[in-house]
Structure formats: C-alpha cells, structure tokens
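Inspection log for the structure reproduced underneath, given as structure tokens.
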Amino acid sequence: MIALLKRSGLGSVLLLSLLLMVVLPLSLDLFRLNLVGKYLTYAFVAIGLVMLWGWGGVLSLGQGVFFGLGGYAMAMFLKLEASDPISTKIQSTPGIPDFMDWNQITELPGWWLPFKSLPLTLIAVVAVPTLLAFIISFAMFKRRVGGVYFAIITQAVALILSVLIVGQQGYTGGVNGMTDLKTLMGWDIRDDSSKYILYYVCCVLLIASICLCLWIQKSKLGTLLLAMRDKEDRVRFSGYDVAMFRVFAFCLAAGLAGVGGAMFTLQVGFMSPSFVGIVPSIEMVIYAAVGGRMSLVGAVMGALLVNAGKTLFSETLPDLWLFMMAALFIGVTMAFPDGLAGLWEQKVKPWWASRQAARRAVRAGVAAAQASWPLPPEPRKPEPGIAAGQHA
Amino acid sequence: MSNTDYALAVEDLTVSFDGFKAIDNLTLYVDKNELRVIIGPNGAGKTTLLDLICGRTRASAGSIKFRNVEMTQLPEYTRVRRGIGRKFQTPSIYENLSVFQNLEVSFPKGRSVFGALAFRCTDEVRERVRLVAEDIGLLDKLDTEAGLLSHGQKQWLEIGMLLMQEPELLMLDEPIAGMSARERELTAELLQRICKNRSVIVIEHDMEFVKRIAHKVTVMHQGKILAEGTMDKVQNDPKVIDVYLGH
C-alpha cells in the first residue's frame, strides 16, 4: 500500500488533502479559512505552471489572463442573477447590470446572453481560456516562437486584456470589476455555511486537478514534455509535432487557471482587472517558483505560503512587502532552483535517510554486542596470505 | 521531375544562406537496400544535405523525392512518419531516461497529443524494445540511465531509437566519431546488418571504416558532387585526390 502510494506520487497528494480538508478547517476561523480558499484558487494557476513551465519548459508571464477570463465568466453569471428587474427597478433600464446602466447602455449585449445559463457559464469558465490559449500558442509555437519571446508575448496579452477590460467600462464594469455578487441559482454565496461549502468544492477540484496532472505526467505525453525540454530536435525527428505538445500544455494550464478564477469569484465575491494584468501574472509565476516548478504539491504549498506571507507582512509592514517578495523570488531561484519541493527532495529526505541509517547501525551494533555478551568477539587471526606477503 | 524507382531521389537541390550556396544544384540517387557513404572535406555541405532531406533546413530550390513522393514542402515530423530517420552528429538521447524509456518513446505509436496520453506500453512494445536492444548490444543495460552510458553506447542507443521507427531511409551523421577500435568494429557490423531492408546514408571521415561498409561512395566538395562510385574508383579519381585525399 505504502509502496503503491510512493510510486504513484499520490502519497504527498493524500497528505496535502488531509492538510487542506481536515487540519486547516479545524484550526482556522472562517475568515482565515476563506483567505486560504482564495490562495488555493491561485494554486490552480501554479499547478498549471508546473505542467507548462516545469515540464513543458515554456514560461508564461500571462496566466492572469486565463485566471481572469474564468473569473469573469463566473462573475458575469452571478452579476446577471444579481441584476433581476425587481432589485434593479430604480435603474433607467431595469434588469441589466448596474454598471451598464451607469454607462447609458439600455440593452444587454448579445455576448452576455450565454451567461444567463449556468451550464453554459461552467463550460465557458474552462472553454474561453482554453480557446484563447489555443489561438495564441498555435500561432506562436507553429512558427517556432518560444522562450523569452513567448513570455513577452504572453505579458503583452495580459496588458492588452487588462486595458481592454478597464476601457470597456459599460460592458465589463471597468476598473471596479464586477461587484455585488450575491447568489448562485438562489443560493446565497456570502453565508458562513456557503463559504465552508465553497472552500471544500475548491479543495476537491484542486485535488482532482492535481490527480489529472499526475496522470498526464505519468503518461507518455509527460515523458515527451520532459524530453522535448532539452532534446527538442530529437523529439521532432522521432516523428512528433513538438508545437502541438506545447500547445496542449499551454491550453491545460489555461483551463486550470480558468477554474481557479471561477472559484476565486465565488469565494471572494467579486472579480476585477487587478487580477488580470502583468503584476498578478508574475506573482503567479513566483508561487510556482517558490514551491518548486517540478512539483504539483510543492506549487500548491508555494501559493499558500507566499500568499500567507503577503497577507501577514502587508498587514504589518505594508511598504516592505513588495521588496520582500522580490527578494524571496530572487533568493529562491538562485539558491534552490527547484523551490521548496526541491529543498525537501534534495536536502531533507537524504538527511532523514542518513539519520535513520545511522540509528539502525547503532542499534545493530548494540544488538551485536548484546548477543556476544559475555564472550567478547574472538580476536582475528592474522591471515596467512598477508603473513606470506610480509615474508616475501 | 522524373518518376523513379529509387528510394531517394534528390534533383537540382539548392540552398543558399545569404547568397552563399551551401548546396549547389545537387543531384543524388540512392537505391533501395543501399548503403551510401558521403565523404568530403569540412564545409562541403554534407550535414546540410542531410538537414535538407530530413527537413531541418528548407531548400531554396529543387526536389527531394522519397519513395517517389515530393518531400520539400512537408514538415519534419511528417517526413519522419513517412520513414526518414536521422541521427545527429553528437549523440542526441534523453539523458535522464532509462535506455528502455529512450527506446519506448521512439516507438511509432501514439504520436499525436491525445495518442500519447492514451499510449500504453504493451507486450508488442516491450518485445520490439528487446529486439532492438539486442541488435545494438544494450540488452543488459535496459534499466540504466542513458546519461551513464559510454559515448559509443550513446551512439548505438540513438541508432536504436531510429530502428524502433523502422525507417526506410536511415541517415547517420558521423556514427563512429569518438569510438574505440572495438566499437568501430561492432558499429560496422551493426550497419551491415541494418541496411538489409532499408537504405542508409552515412557521413564519415574514417577511410578504413568507409571502405569496410560502403556500397557506393559520394564525394562532395563546395556543395556539389565531385565524384561517385565504388571506393576504389573514387580513390583513384584525380579530382578527388586533388581536393581531398591528396592533402
């Protein structure tokens, strides 16, 4: 059983689920637990980056785009539900979101209509980020654009989308984002009990996503991703379309980020362009780097710890936080390129193993001494070969 | 462009880099089951020719027909799937994977994204890995990490990875570079075995080795073909002696 857990890498996932679903809910008050739930939505992005950056070797500095698209899709549904004609009857056009009314829009735009339906919204949460990721990455990777250039392009996309959202205030809520989200199919998402339920939904989805990624890592596709990271030409000339494998990794990361964004909207109660732009996108990369870009569980821990640090220090030393985060990022990438997970694998585990071995050796020595008691071990006779050698 | 029975027909092929013609109006035919060796001084365009055939470099003009199908417009992975295998000059293997995994990844199934997700290592795959490993003399090294192999074994492993794909045209760029005398011997035997049901193109500098394996030799010089024929004929060609062997 333990051997099976070790081999499949599910052991650490099990420990993580225990921590998230038992230890933290029992030891934190609801306010803090809700914060952890918010951090966990970033963990979706972080595990996507493990697949894309750690395994696929493609760095994206624009994951906020996909996080935001998933979040906005969910927020649009909730906003429509919160804008029923009765509660918006003081508007000049009742039944449309308040920010549209403020911007003299008198009719719900056509592209908002699908978000009246929950199933279509849930599909959009994953499909819209994935589709955009497909278009960007297909265009880039098929032309062999990669590395730094790709990272810069993703960053440009993040900037473009955040500027677009801010600029189109009448359709998107502008810089304030979508606020005053209340109910999901009549279920109040601001209740204490709903916060617990949403936290657990978020945990279950995250664990399921980790299992999906683990399965991909264990498949031939995972092997190929690793292989093309350092021997791209060998993979290409073994008959694989390298570009499509990278497209897949990028779409996977985008889809996961979309789910994270939707869970963010549900748990925090609003969505705004401040989660879409360049700065949040880079922060998301830091979570994966600190936690370990080769380790799914490590990336989750990275998202939790960096965000917990951010909350803690920005409560006490708000001015210093940004500098500390930069120092943390530089320090970790210089000293531990594989992040906290690498530190665990390369330092803690061998140290523990050698300690255990030393202990066993001492115990064996004691046991041997006890067994030979009271007769001391016989002194060794000089070996004839050596003696003969000395004579010669 | 003519219809041919040749495994590979390269006609009027030209590629220029900023006006410099690395391959200049070159025509070359390789028969089925033939082992062809290409020799020539440094900068003659030998590696570039292989790059053009496998698609790593795009031709400026001319035609490359493999089994009578035009290849010049096809992407690299399609050419591989049609049966062109390419070994690089420096051993290009996945150092972190075991020998078994290196060969397994090269098995020609599950080459699309979702095919790779669904790929399972069946008995058929294991059997092929075993056969190929035996052929390249690495049967007892299947679980070894490939990065730990000796230089010669790495070269063999890469040849084995190509054999997994059962290519009909195999192109080897300096396969015995850096090998010991014994390893060269074994490689020569391996090449003679594997050219039984496919065409092989080898680039090589070692004349003893060339003499031993070549069915036919092509001498290249400044992007053009200088001479072609048996080793004896080529060696006695005054033009060849002048530019290459005479030095």
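Only alpha carbons enter this Debye calculation for region B:1-105, each as an equal point scatterer, and the log10 of I(q)/I(0) it gives at q = 0.15, 0.25 Å⁻¹ is -0.70, -1.48. Within the shell of other residues whose beta carbon sits under 12 angstrom from the beta carbon of residue A:183, the net charge comes to -2, with Lys and Arg scored +1 and Asp and Glu -1. Taking chain A as the reference, fit the longest principal axis to its C-alpha atoms, fit the long axis of helix A:278-291 to the helix C-alpha atoms, and give the angle between the two in degrees, 0 to 90, nearest 10. That works out to roughly 20 degrees. With the simple model of a label 7 Å out from the Cα in the direction of the Cβ, residue A:363 to residue B:181 spans 5.7 nm.
Among B:27, B:225, B:243, which residue has its Cα furthest toward the positive end of the charge dipole of chain B, with +1 on Lys/Arg Cβ and -1 on Asp/Glu Cβ? Of the candidates, B:27 comes out farthest on the positive side. For residue A:287, neighbours were defined as the other residues whose beta-carbon sits under 11 Å from its Cβ, and their charges (Lys and Arg +1, Asp and Glu -1) total +1.
Peptide packing for A:178-184, A:338-344 was compared via the average number of neighbouring C-beta atoms within 10 Å per residue; ordered from the highest value, the list is A:338-344, A:178-184.
Taking the C-alpha atoms only, the angle from helix A:192-218 to the longest principal axis of chain A is near 60 degrees. Less than 10 Å Cβ to Cβ from residue B:83, Lys/Arg counted +1 and Asp/Glu -1: what total charge do the surrounding residues give? Within the 10 Å Cβ shell, the charges total +3.
Summary of packing: across the peptides B:223-236, A:273-286, the per-residue average of other C-beta atoms within 10 Å ranks them, highest first, as A:273-286, B:223-236. Scoring A:236-248, A:202-214 by mean Cβ neighbours within 10 Å over their residues and listing the highest first yields A:236-248, A:202-214.
Rounded to the nearest 20, the size of the Cβ-charge dipole of the protein assembly as shown about its Cα centre is 940 debye, with Lys and Arg at +1 and Asp and Glu at -1. Remark: region A:215-295 is approximated by an ellipsoid whose semi-axes, taken from the C-alpha gyration tensor as √(5λ), come to 31, 13, 12 Å, largest first.
Shielding of peptide A:210-221 by partners, expressed as the average count of other chain Cβ atoms within 10 Å per residue Cβ, is 3.
In chain A, one over the average inverse separation of all distinct C-alpha pairs is 23.6 Å, which is the Kirkwood hydrodynamic radius.
Counting only alpha carbon atoms, the long axis of helix A:30-49 and the longest principal axis of chain A meet at about 80°. Cross-link reach is defined here as a Cα-Cα straight distance under 16 Å, omitting same-chain residues fewer than 8 places apart; for residue B:21 the aspartates and glutamates meeting it are B:11, B:12, B:51.
Tell me what the protein assembly as shown gives for mean residue ellipticity at 222 nm when only DSSP H runs of n ≥ 4 count, each as -39,500 (n - 2.57), the sum divided by the residue total, rounded to 500 deg cm²/dmol.
Helix contribution divided over all residues of the protein assembly as shown: -17500 deg cm²/dmol.
Over chain A, what relative contact order in percent results from Cα pairs under 8 Å that are six or more residues apart? Relative contact order comes out at 29 percent. A dipole drawn for region B:93-166 from +1 and -1 charges on Cβ atoms has a positive end, and of B:139, B:115, B:101 the residue lying farthest that way is B:115. Per the Cα gyration tensor, region B:135-247 maps to an equivalent ellipsoid with semi-axes of 30, 15, 12 Å, ordered largest to smallest.
Under a model in which nothing but the beta-carbon of Lys, Arg (+1) and Asp, Glu (-1) is charged, chain B shows a dipole of about 460 debye around its Cα centre. The value of relative contact order for region B:93-166, using C-alpha pairs under 8 Å at least six residues apart, is 51 percent.
Each of A:30, A:12, A:137 was placed along the dipole of chain A (beta-carbon charges, centred on the mean Cα), and the one lying farthest toward the positive end is A:12.
Only the coordinates and a few stated rules stand behind these numbers; no lab work does. Quick caveat: nothing in here was measured; it's all calculated off a predicted structure. Counting neighbours? That spans all protein chains shown, and the Cβs are built from the backbone with ideal geometry, glycine included.
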